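This report concerns only the one structure given below.
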Amino acid sequence: MKTSLLKSGCRSQRGFVLLTALVMLLVLTLTALVAMTFESNQARVAGNTANAQIAFQTADGALRVAEGNLLAGLYQVGTNGVYQFVAAASPLWLPSSTAWTTGGQYIDSGFQGGSSQDARIIVEQLPSVSANGGCVSSACSSGYGGSGPPQRVFRISSRAVGANGKSVVIVQSMFRE
């Protein structure tokens with residue numbers, strides 16, 4: 001008798017539980033795939049940000065090296081990577097400039113930091129300015145147009161790449177002796 005009841009119960013079922021389980025499994029699989037894609041993108045963004053920070057810190061460190069070398073008198077205008085400013089000429093420090101890739105047009109800073117290669121430097125000597133000669137008003141605070149001895153002014157441009165070589169950063173500083 002038990003056998004006949006069991007057989008009649010199996011005939012009335014149509015597989016609804018199996019279909020529901022398969023749909024739920026499909027929904028869970030799609031949710032897991034979306035979550036994995038999102039996490040992968042977040043990891044890539046974090047890696048790119050870290051790479052850009054390494055490039056920035058390397059370029060900034062190379063600027064400090066160049067400033068120290070200028071104070072020590074190691075750079076002479078007319079030598080590789082040290083130029084006299086020419087207003088009519090195209091700037092050498094632009095990202096599209098070939099000066100960053102052509103040997104002899106830049107200075108290899110010797111500063112690598114966490115980067116994949118040493119930062120490169122271009123130094124331009126700008127027109128000299130006069131010191132402010134003791135002027136204390138706000139109009140004289142810039143240091144231009146005073147009566148003191150002329151001071152040399154340099155624009156230092158530094159280019160560095162990140163750890164994987166894909167992030168490129170160019171930073172500049174104005175340096176007055």
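None of the figures in this text is laboratory data; all of them are computed from the coordinates on show. Because the structure is a prediction, the values reported are computed rather than measured. So basically every Cβ, Gly included, is an ideal-geometry build from the backbone, and we count neighbours across all protein chains shown.
Extents of region 18-176, taken as max minus min of Cα coordinates on every principal axis and listed largest first, are 92, 42, 30 Å. With 0.36 nm allotted per residue and the present C-alpha distance subtracted, the R152-D108 stretch has 13.6 nm of extension available. For G81, the amide hydrogen comes within under 5 Å of the amide hydrogens of Y106, counting only partners 5 or more places away or on other chains and with H modelled in the peptide plane.
Distance between the modelled labels on L74 and S96, one decimal in nanometres: 3.4 nm (7 Å Cα→Cβ projection).
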